[in-house]
Amino acid sequence: MESDQLLIRRAIDGDERALRQLWSQYAPRIDAVVKRLAGDPDLAADIAQDVWIQIFRALKTYRGDAQFATWAHRIAVNRTLNALRKVRRLAKVEIDIEEDSVSVEMDSDRSFVAASIEEAAKKLPDGARTVFLLHDVEGYTHEDIAKELGITPGASKSQLFKARAKLRRLLAHLVDHLPATSRAHVAPAS
Amino acid sequence: MSHLHPERLAALADGEPTAAEATHLSSCSSCAHEIAAHRRLLMLAWQERETLSAPLATWSTLAESLRSEGLLRDKAGVSHGGGSGRCVGPRSPWWLQVAAAVVLLAGGFGIGRLAPAVMGEQTASAGQPAENTRLASNTDTTVTFHSTAEAISVLQRAERDYRMAMMYLAGQDTITPVADDPAIYRARLAALDEMAGVALDAVHQAPQDPMMNRYYLTTLGARDATLRQLGERLPENVQLVGF
């Protein structure tokens, strides 16, 4: 098996087989990140091509400090967020998430049963969804997220906790196995 | 002290409670339960990162763009198809990588015996460069791991891939008679719920045991798949609102 370093050197030289091999090896993971952040499959397909061009364009700057997958993942996230900004999906990070902890049973999503995190996350406003995906799924810190989205770390935390609170309800069937009578959790109004 | 606010409970999934909150949590099962649910949500989110996707673009389209960018060099003797090089041909397609992950899974469960010791190692080695490279087995010289944590990570990914592959194959199965009766799926869901309950009890007894957590999450994955299958088999005018 050829090492990534050798492969990358050949890819920098424009060797098609090396470029294709890198793409073939890392596309399942990189494209999954793009798909997750974009939310929309068609939009994700458009962005993915741009992401890969950017990764190959930046290959010369790859110094091997981090694993190639980590380095490429970073570019994918950054490029995807830029692309989303262009289509105005992230023009404004939404603050309100309509979280009403007291009237859980009155929530409009009461009848919504999400089968997965990905599906449930689509119910979140774009800003909160992006913060949740970046922090809890992609492993970014609040400081990193703040830089990427142009918000404060505090705002990132606030968005994250709102997002988690809503997801916890949407995915109750996956994370909560106590009897229904134990599920009602009434907190003080904020 | 009254119950903690839902957003505060969400924050405590991976945060430290204040002294007052800790006192409250020690006596309030409802709030403690909420935090436990949030931690399970975090685990699901973490697993989401291991999701693989079929490539969103084709190589021919991408290659065309790379050529126009001057990033792909036309070279005499190198076919543009690039698919038949003997020494450095493209790696297996994504679906074959997934299948390979399933093969990894077959031998991977043995690693579970190392699990209790691994948690400490994961903490100790986090963020540090790998120093010891271990072979997956004495005879396998192609799959190497730089740490036990890395091997566990691969194992977890393989498990997820396995579930995805099983779901896909279940959808492609044209030989086995497909059950259209939603009652079958409801019965399976009920059984999986019981299994999840047992697995969850095990997690409560050994919360740090990755093997128990894995069984629990795998059961949830199967439940997930069944829920989808049930939803697909309900009449169009019937919506699945809960189970």
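Compute the distance in nm between two label points, each set 7 Å from the Cα along the Cα-to-Cβ direction, one at residue B:74 and one at residue B:144.
That separation, rounded to one decimal, is 4.0 nm.
Is there a pair in A:35/A:60; A:86/A:166; A:86/A:147; A:35/A:86; A:35/A:166; A:60/A:147 whose C-alpha atoms are over 19 Å apart, and which pairs would that be?
A:35/A:60; A:86/A:166; A:35/A:166; A:60/A:147
Among B:144, B:61, B:226, B:218, which comes first, then next, by fewest other beta-carbon atoms within 10 Å?
B:61, B:144, B:218, B:226
Counting other C-beta atoms within 10 Å, which of B:198, A:33, B:154 has the fewest, and how do the rest follow?
Starting with the residue having the fewest Cβ neighbours, the order is B:198, B:154, A:33.
Just counting partner chain Cβ atoms within 10 Å, what average do the residues of peptide B:35-46 show around their Cβ?
Neighbouring Cβ atoms belonging to other protein chains average 6 per residue here.
Would you kindly derive the ³J(HN,Hα) couplings of region A:125-130 from the backbone phi angles with the Karplus curve 6.51 cos²θ - 1.76 cosθ + 1.60 (θ = phi - 60°), listing them in order in whole Hz, with x for Gly and Pro?
x, 3, x, 5, 4, 5
Is there a quick way to get the dipole size of region A:4-86? I mean about its Cα centre, with the Cβ of Lys and Arg at +1 and of Asp and Glu at -1; what is the value in debye to the nearest 20? Can you show the working numbers first?
Values: 14 positive and 10 negative charges, 48 e Å.
Here region A:4-86 has a charge dipole of around 240 debye.
Distance in nm between label sites at residue A:54 and residue A:78, each 7 Å beyond Cα in the beta-carbon direction?
0.8 nm
Quick one: net charge around residue A:140, please, counting Lys, Arg +1 and Asp, Glu -1 for every other residue with C-beta under 12 Å from its C-beta. Show your work: numbers first, answer last.
Details: positive: A:74, A:147, B:49; negative: A:136, A:138, A:143, A:144, A:148.
Taking every other residue near residue A:140 into account, the sum is -2.
Hey, what do the phi angles of region A:18-26 turn into as Karplus ³J(HN,Hα) couplings, whole Hz, using 6.51/-1.76/1.60 and θ = phi - 60°, x for Gly and Pro?
Once rounded to whole Hz, the list reads 5, 4, 5, 5, 4, 4, 5, 6, 9.
Under a crude label model (7 Å from the Cα following the beta-carbon direction), how far is residue B:205 from residue B:27 in nanometres?
3.0 nm
Can you sort B:60, A:156, B:65 from fewest to most other Cβ atoms within 10 Å of each residue's own Cβ?
The fewest-first ordering by Cβ neighbours comes to B:60, B:65, A:156.
If R0 is 41 Å, what FRET efficiency do you get for residue B:181 and residue B:39 from their C-beta distance, rounded to 0.05? Mind showing how you got there, number by number?
Numbers: r = 37 Å, r/R0 = 0.89.
It comes to 0.65.
Sequence gap at least 6, Cα distance under 8 Å: using those rules, report the relative contact order of region A:4-86 to the nearest whole percent.
Numbers: 61 pairs, mean separation 28.3, N = 83.
Reported as a whole number, the value is 34 percent.
Among residues other than residue B:56 whose Cβ falls under 11 Å from its Cβ, what is the net charge (Lys/Arg +1, Asp/Glu -1)?
-3
If you take every residue apart from residue A:173 with its C-beta less than 10 Å away from the C-beta of residue A:173, what net charge results, scoring Lys and Arg +1 and Asp and Glu -1?
Cβ neighbours under 10 Å give a net charge of -2.
Bear in mind these aren't lab numbers, they're just calculated from the coordinates by the rules spelled out. Given the structure is predicted, the values throughout are model-derived calculations rather than measurements. As a convention, Cβ positions derive from the backbone with ideal geometry for all residues, glycine included, and neighbour counts pool all protein chains shown.
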